[in-house]
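Beneath this line is the structure, given in structure tokens, with notes to follow.
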Amino acid sequence: MQMVRPTTWPAALDAIAAEPGLLPISGGTDVMVDVNFDRERPTGLLDLTRVPELADWSRDGDLLRVGANVTYARIIDELAALLPGLAMASRTVGSPQIRNRGTVGGNLGSASPAGDAHPPLLAGLAEVEVESVRGSRRIPIDEFFVGVKRSDLAPDELIAAFHAPVAPGPQQFAKIGTRNAMVIAVASFAIELDGAAHRVGTGIGSAAATPRRAADAETFLAGEITERAAWDSPTPLPDAVVQRFGELVAAAASPIDDVRGTAAYRRRALSVLARRTLGWCWADLDGRQCA
Amino acid sequence: MTVPTRAPDRLSSPISAGVGESAVRPDGTLKVTGEFAYSSDLWMDGMLWGATLRSPHAYARIVHLDTTRALAATGVFAVLTHEDVPGRNAYGLEHKDQPVLASDVVRYQGEPVAIVAADHPQTARRAVALIDVEYDLLDPVVDPSTALDEATPRLHPDGNLVRHVRIRKGNDAVQADVVVTADYEVGMQDQAFLGPESGLAVPAEDGSVDLFVATQWLHVDRGQIAPALGLDEDQVRITLSGVGGAFGAREDLSMQVHACMLALRTRRPVKVVYSREESFFGHVHRHPARMHYEHGADRDGRLVYVKAEIILDGGAYASSTPAVVANAATLGSGPYAVDNVTIDSYGVYTNNPPCGAMRGFGAVQAAFGYESQMDRLAEAVGIDPVEIRVRNGLAEGGTTAAGQVIDSAAPVAELVRWVHDLPMPPPSSGDLRSMPGGVSNSTHGEGVVRGVGYGVGIKNICFSEGFDDYSTARVRLELVAGEPVASVHTSAVEVGQGLVTLLAQIARTELGVQQVTIEPADTSVGSAGSTSASRQTYVTGGAVQAVCQQVRKRLLERRPGYVGSPGDMPLRELLVDGPVEETVEWRHRPTTPLDPETGQGSPHVQLAFAAHRAVVDVDTELGLVKVVALDCAQDVGRAMNPQAVVGQIHGGSAQGLGLAVMEEIQVVDGLLRNPSFTDYLIPTILDMPPMQVEVLELADPHAPYGLRGVGEPPTISSTPAIVAAIRAATGLELTRIPVRPEHLTGT
Ligand SMILES: Cc1cc2nc3c(=O)[nH]c(=O)nc-3n(C[C@H](O)[C@H](O)[C@H](O)COP(=O)(O)OP(=O)(O)OC[C@H]3O[C@@H](n4cnc5c(N)ncnc54)[C@H](O)[C@@H]3O)c2cc1C
């Protein structure tokens, strides 16, 4: 198998344009599994690990640009304060070895419904920066996933980075797995409370063909908080509101029965996770206001 | 023959410790540093790679099989089918009912149909895809409960019953004041060893073959391989290669005959290594069980009778099902004194994956039933789970369900009290890693309820029912560079349990030498029996002890009148006249078959007991479980190597934890849904709590050094203890294992 190892971003874009059969590889934690299982038989691999443009993250005011090759380990170490939801999700990924190799770019590239980076990116309204020799574009995260393990990426495009605002308020992520570490999500949920924009963000994983937002739940909860003028003085939310939020999150999912869990369990788990993570965020919001 | 690279070496790192000390493993450093040669590392210049075509169907007739396209592929050297099996196309541990390669019918998904040798593993795998097979699908028999019905198709000429064992002890019409009844179900657990099936076959000029392989019993492999190859046993020489775990899954043949066939056909060495996914199809699993139990007791909770019907799903071929059925029956009332026992234990054929040996071997399934029952009984009579076990626990002099009188320690009540009296774990620290769901961050304490549960188990050690169970050991004592060195040669298989360490300890103790070399296990020495039934320390340990004593005797003949202890023998002096070499075949005391009508007899050599106390935190809203503590007390007779003993208890308990809360091969309509470590989950270090382990040493006067087999008992009692703890936390009945989040949340 051919191995193409560009050392600049333009060279990488040229390579994939010239030979769309090349399979990009970053951490390789998905690619090598597929190759070993003979699920992928690429004509060659396009090794992106030497492209400096993908390796780092930067901050411009309240906006972050995180290169596709930034690993989970680095997100945990370097971005926990700026993107706490994604950092929390990163802590749940695989094992230390996988977190040292695996990248958010690779997670997006695989576009698995179970990808743990996706729910916090959805909740935070991230954008995916993709580029080809034809030009660069930014795809809003909730338009990025188009089917099971399928994204909006064109065959000649590469993922350069994702853009996300510095957390504007509390963020949380929780996932369900049937063991206590190193497990693919049976269901996962991310939430963000944006006190300035009076917005609630959500992301659901492993409970539909693609990761998705729970838009009705977002609107409902933001409305309830606004109605109570609770963004700035977060008095406890009534149980009924929390309950309803959980129900709307569960209703936004379209889970299936599979080897990892039943659809009914997934819905139930999502509503529980939604209520709990909301509670944690709310306590956090309260803490901030008091501080 | 040139020996392949990465074939096993002598092990002789200096471990200066004798029996009873925690000698360091001679293979430990190699394993930790990644240098140990496992069977998948074997290599020989010019070797070919084998691959296997397997049935995608649970039950089908092979209508047409065409290898033309595969044979035509570049790099392919041979494509063989049932027509190419040189000898008898049948093998099996107890019944030769399993074809080397399917001829007319496939009876389970994954059954080998054809094999390929090619110059590259990928070429071989892709050639497999070029073999054309046309199947005529048949309705698979997948429900073990109806497998014996008249209307169910017969999967084998004698029908679908592999074995029925009847236990009729005492009076089966006796009545009791308190009666509890329930049905239980055990899912299919996998041994999940880390080193997939692999080996290398090397053809010899004279038509014989050398096989390097990871297995559990070299001679029984040979006894099945040779007839399939149409060779005499001495034309098949087997050398054990590095074994990456076994737990019973290597008792049956996997790639052995296939690799030899390909090697003999191509006249090239042939290596076969299963992938992880293939491994799930390439070995037997633990029998799923359906059990109906009825316990009768007096108002104080003293057992009056136990009745049970146990159905074990043997899958498509017999494997070791007959012995598993007998274990479930003869141990089916558990480690309890009860005068009246009526058990019917059945092993049946279905089109599910073949099931056979796995750590605990029939005792695991029964224990989930009888321990669940003991808790029900405790509740019914209003005493606690510890008390019910103490009141009914077997003791020396008591009899088992098979009517066998226990003639050494059976400290059931003591073991339960031991675990009960151990300190309780502290309340949850709030650290995510200590929470149900762990680092997945699914709870910060919401919904979490703690529960405590107990389990005790009983297991037979060594082979039972009159089996001629022996081991052969050869020891040579000689001067090497002026120093006395003992070399120990057996065919006993080291699977990771530490037998090589122990044999060196025994030789050191018995002979008073410092340097001991363990020779690679191979068939140039007599059979050592299987590395299973927790028996190798007992039987091969016994053989090495016996042969060392023989060597000592021979040595002392060189100086009549010597009366000192072995440690003081003037070895250098005595060995000047040349080496001493002895070989001994050693047997444990005989056992008896079961009476065919009543299942009574003295079927077991030795019985072993362990007890667990489990503490769990259950997230009751999400159905997630964190086992917070899993403490164990076990009688080991004599801790030959205390560290290794504790290691076995840790590992066995973890395997029991897996069965309690996560490990299951999901089979639907005969098809495996999760043949991968992505979806067949085994416990990680974050699932396994630190353990308090109490090791009792109540010597068994009938056993070498007083020892009692260690490996299996902790696997048996850990599962029911954990499930009992989950019941205590949730109040749910939980009659099926593994317990899934769906069971705990009613979804
Ligand atoms: C043992 C194990 C445990 C795991 N556990 C988890 C888990 O808990 N949660 C989870 O979400 N995932 C898990 N994964 C999956 C995997 O680690 C993640 O999806 C990871 O984010 C992939 O990143 P990578 O850099 O290794 O991607 P790679 O394997 O290098 O690539 C993945 C895909 O993205 C494409 N790609 C990579 N970079 C680019 C780019 N710049 N532009 C376009 N396409 C690109 C590749 O072609 C490929 O299709 C696990 C994997 C393993 C092996």
Review point. Which of the following residues is closer than 30 Å to residue A:278 by Cβ, more than 8 Å from the ligand (Cβ to nearest atom) and of a type in the set (S, T, N, Q): A:90, A:95, A:110?
Key: A:90
Point to revise | Out of B:429, B:408, B:464, sole residue that is hydroxyl-bearing (Ser, Thr, Tyr) and within 30 Å of residue A:90 (Cβ to Cβ) | key: B:429
Review point. Among the β-branched types (Val, Ile, Thr) and either more than 29 Å from residue B:637 (Cβ to Cβ) or within 14 Å of another protein chain (Cβ to nearest Cβ) (or both), is that true of residue B:580?
Key: yes
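State yes or no: is residue B:624 within 20 Å of the chain's Cα centre (by Cα) and aliphatic (A, V, I, L, M)? Break it down into steps so the answer makes sense when it comes.
On the way: within 20 Å of the chain's Cα centre (by Cα): no; aliphatic (A, V, I, L, M): yes.
Considered against the rule, which asks whether it is within 20 Å of the chain's Cα centre (by Cα) and aliphatic (A, V, I, L, M), residue B:624 comes out as no.
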Exercise for review: Output the number of residues of region B:423-451 satisfying the condition of being away from chain A (no Cβ under 12 Å) and open to solvent by less than 50 Å² (accessible area, probe 1.4 Å).
Suggested key: 3
Practice item. Sort through B:494, B:483 and tell me the only one that's surrounded by fewer than 18 Cβ atoms within 10 Å (Cβ to Cβ), more than 14 Å from chain A (Cβ to nearest Cβ) and within 30 Å of residue B:571 (Cβ to Cβ). Key: B:483
Practice item. Return the total of residues in region A:116-130 being near the ligand (Cβ under 8 Å from one of its atoms) and within 14 Å of chain B (Cβ to nearest Cβ). Key: 1
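If I filter region B:658-676 for residues that are assigned to a loop (DSSP other than H, G, I, E, B), open to solvent by 40 Å² or more (accessible area, probe 1.4 Å) and farther than 30 Å from residue B:537 by Cα, do I get at least one hit?
In the first step, residues of region B:658-676 are kept if they are assigned to a loop (DSSP other than H, G, I, E, B); the result is B:662-664, B:666, B:669-670, B:673-676.
Still in the list and also open to solvent by 40 Å² or more (accessible area, probe 1.4 Å): B:669, B:673.
Narrowing further to those that are farther than 30 Å from residue B:537 by Cα: B:669, B:673.
There is at least one residue in region B:658-676 that is assigned to a loop (DSSP other than H, G, I, E, B), open to solvent by 40 Å² or more (accessible area, probe 1.4 Å) and farther than 30 Å from residue B:537 by Cα.
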Revision key, fill the gap. Scanning region B:692-726 residue by residue, the ones that are touching a Cys at 6+ places or on another chain (Cβ under 6 Å) and open to solvent by 30 Å² or more (accessible area, probe 1.4 Å) total 1
**Study point:** Filter result (under 10 Å from the mean Cα position of the chain (by Cα) and either more than 6 Å from the ligand (Cβ to nearest atom) or within 21 Å of residue B:683 (Cβ to Cβ) (or both)) within region A:98-107
**Key:** A:104
Check your understanding: So residue A:244 clears everything in (1) in contact with a helix residue (DSSP H, G or I) (Cβ under 6 Å, 6 or more places away or on another chain); (2) surrounded by 14 or more Cβ atoms within 10 Å (Cβ to Cβ) except one condition, right? Which one?
Key -> (1)
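Return yes or no: is residue A:199 away from every other protein chain (no Cβ under 13 Å) and out of contact with any strand residue (DSSP E or B) (no Cβ under 7 Å at 6 or more places or on another chain)?
Details: away from every other protein chain (no Cβ under 13 Å): yes; out of contact with any strand residue (DSSP E or B) (no Cβ under 7 Å at 6 or more places or on another chain): yes.
Answer is yes for this residue.
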Study note, to complete from the structure: Taking region A:251-279 and keeping residues open to solvent by less than 10 Å² (accessible area, probe 1.4 Å) and more than 10 Å from chain B (Cβ to nearest Cβ) leaves A:253, A:270, A:274, A:278
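Count, please, the residues in region A:89-105 that happen to be open to solvent by less than 30 Å² (accessible area, probe 1.4 Å) and not polar (S, T, N, Q).
Pass one, region A:89-105, residues open to solvent by less than 30 Å² (accessible area, probe 1.4 Å): A:89-90, A:92-95, A:102-105.
Retained after the next criterion (residues that are not polar (S, T, N, Q)): A:89, A:93-94, A:102, A:104-105.
Residues in region A:89-105 being open to solvent by less than 30 Å² (accessible area, probe 1.4 Å) and not polar (S, T, N, Q): 6 in total.
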Review point. List pairs: first in region A:75-102 and over 21 Å from residue A:65 (Cβ atoms) and touching a residue at least 40 places away in the same chain (Cβ under 8 Å), second within 13 Å of the ligand (Cβ to nearest atom) and polar (S, T, N, Q), Cβ under 6 Å, 6+ apart or cross-chain?
Key: A:92/B:440; A:98/A:29; A:101/A:29
Study note, to complete from the structure: Checked against (1) outside the structural domain of residue B:515 (by TED's automatic domain parsing); (2) crowded, with 20+ Cβ neighbours inside 10 Å, residue B:88 satisfies every condition except (2)
**Study point:** Number of the exception - residue B:673 against (1) basic (Lys, Arg); (2) more than 14 Å from chain A (Cβ to nearest Cβ); (3) free of Cβ contacts under 8 Å to residues at least 12 places away in the same chain
**Key:** (2)
Revision key, fill the gap. Going through (1) in contact (Cβ under 8 Å) with a residue 60 or more places away in the chain; (2) surrounded by fewer than 23 Cβ atoms within 10 Å (Cβ to Cβ); (3) away from the ligand (no atom under 13 Å from the Cβ) one by one, residue A:194 fails only at (1)
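Between A:184, A:159, A:176, A:139, which is within 14 Å of chain B (Cβ to nearest Cβ) and either open to solvent by 20 Å² or more (accessible area, probe 1.4 Å) or farther than 30 Å from residue B:739 by Cβ (or both)? Talk me through it step by step, then tell me what you get.
On the way: A:159 fails: within 14 Å of chain B (Cβ to nearest Cβ); A:176 fails: either open to solvent by 20 Å² or more (accessible area, probe 1.4 Å) or farther than 30 Å from residue B:739 by Cβ (or both); A:139 fails: within 14 Å of chain B (Cβ to nearest Cβ).
It is A:184.
Given the criteria crowded, with 20+ Cβ neighbours inside 10 Å and touching a residue at least 24 places away in the same chain (Cβ under 8 Å), does residue A:166 qualify?
Working: crowded, with 20+ Cβ neighbours inside 10 Å: no; touching a residue at least 24 places away in the same chain (Cβ under 8 Å): yes.
Taking the combined requirement at face value, the residue does not satisfy it.
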Check your understanding: Can you tell me which residue in region A:197-232 is farthest from residue A:120 (Cα to Cα), limited to those that are open to solvent by less than 10 Å² (accessible area, probe 1.4 Å) and within 16 Å of the ligand (Cβ to nearest atom)?
Key -> A:207
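The values are calculated or read from the model by the stated rules, or taken from the named source; none is laboratory data. Just so it is clear, the model here is predicted, and its values are computed rather than measured. Neighbour counts run over all protein chains shown; Cβ positions are idealised from the backbone, glycine included. Quick note on the areas: whole protein, heavy atoms, side chains included, nothing else; ligands and nucleic acids left out. Shrake-Rupley method; radii C 1.70, N 1.55, O 1.52, S 1.80 Å.
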